Amino acid sequence: MTLPPGEVDSRAAYLTFAAAYLVGHGTAALSKGPDPVFGLPAWLPLTLLAAGLIPALGLAVRAGMRAQRGASESRRQAEKLLGIAWCTGFAALAIAITGVSLGDPDLQDVLWPAGSVLLVGLITIAEGVARAITLHYQLGSFLALAGAASLFFDVAGVYATIALAGGLGYLVAAVLERRRLGAHRLGLAVAA
């Protein structure tokens with residue numbers, strides 16, 4: 001499918017993020033807590049998560065670069081600021097989590113996954129606004145709420161909530177993205 005300049009197809013990124021959440025956070029959920037299902041080494045779920053997040057981030061950056069092609073100067077500026085927001089947001093999150101968990105380092109095991117998903121959701125909301133993509137805005141809203149809601153559970157529950165809600169949220173978004181792009185293409189054909 002040929003996309004007009006500035007339009008973004010996020011299906012590949014959504015599917016890769018879904019896999020990272022389901023596998024990475026899913027294995028963490030199964031190996032954490034007082035009665036874990038599996039006795040996995042602590043590094044394995046993190047490694048599986050990173051193995052999914054790295055290509056997903058590459059795809060998301062590529063989508064952001066595509067959004068800048070043929071866009072107005074103000075839109076390009078917004079995309080650049082969104083890119084900086086990712087760096088600033090995660091730096092601020094690292095500082096906050098370090099400060100809050102000074103007396104209790106075990107808090108990091110809950111705050112990092114929940115805080116990361118909350119932050120990803122908030123910046124995804126901003127991307128949806130800047131790109132005028134309602135689906136992206138809705139996905140971000142869902143992720144932010146899932147990250148915040150996960151804090152009501154124990155460590156294993158935080159990971160399970162994020163794995164299921166985040167992974168399934170990204171899968172639904174991938175399906176809806178295909179529809180969104182098809183409707184966009186149909187709208188362009190009707191207008192021509």
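Tabulated results
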item	result
Cα gyration tensor shape of segment 32-106, rounded if a/c is under 1.5, else prolate or oblate by comparing a/b with b/c	oblate
Ratio of Rg to Rh over the chain (Cα coordinates, Kirkwood Rh, two decimals)	1.02
Rounded tilt (10° steps) of 108-131 against the dominant C-alpha axis of the chain	10 degrees
Inter-label distance, nm, simple model (7 Å from Cα along the C-beta direction), residue 154/residue 183	4.3 nm
Mean Cβ count within 10 Å, highest first, over the residues of peptides 65-77, 134-146	134-146, 65-77
Approximate shape of segment 92-134 as ellipsoid semi-axes (Cα gyration tensor, √5λ), whole Å, largest first	28, 9, 4
FRET efficiency for residue 104 and residue 132, using Cβ-Cβ distance with R0 set to 41 Å, rounded to 0.05	0.45
Test item: Cα-centred dipole of the chain, Lys/Arg +1 and Asp/Glu -1 on Cβ, debye	960 debye
Heavy-atom accessible surface of segment 62-192: percent carbon and sulfur, 1.4 Å	70 percent
Average accessible surface area per residue within segment 65-192, 1.4 Å rolling probe, Å²	54 Å²
Options 114, 169, 30, ranked by Cα towards positive dipole end of the chain, top entry (Cβ charges)	169
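The values are calculated or read from the model by the stated rules, or taken from the named source; none is laboratory data. Bear in mind the structure is a predicted one, so any value in this text is a computation, not a measurement. No Cβ is skipped: glycine too gets one built from the backbone with ideal geometry, and neighbour counts run over all protein chains shown. The protein model used for the area step is the full one, side chains on, heavy atoms only, and it has no ligands, DNA or RNA in it. Shrake-Rupley method; radii C 1.70, N 1.55, O 1.52, S 1.80 Å.
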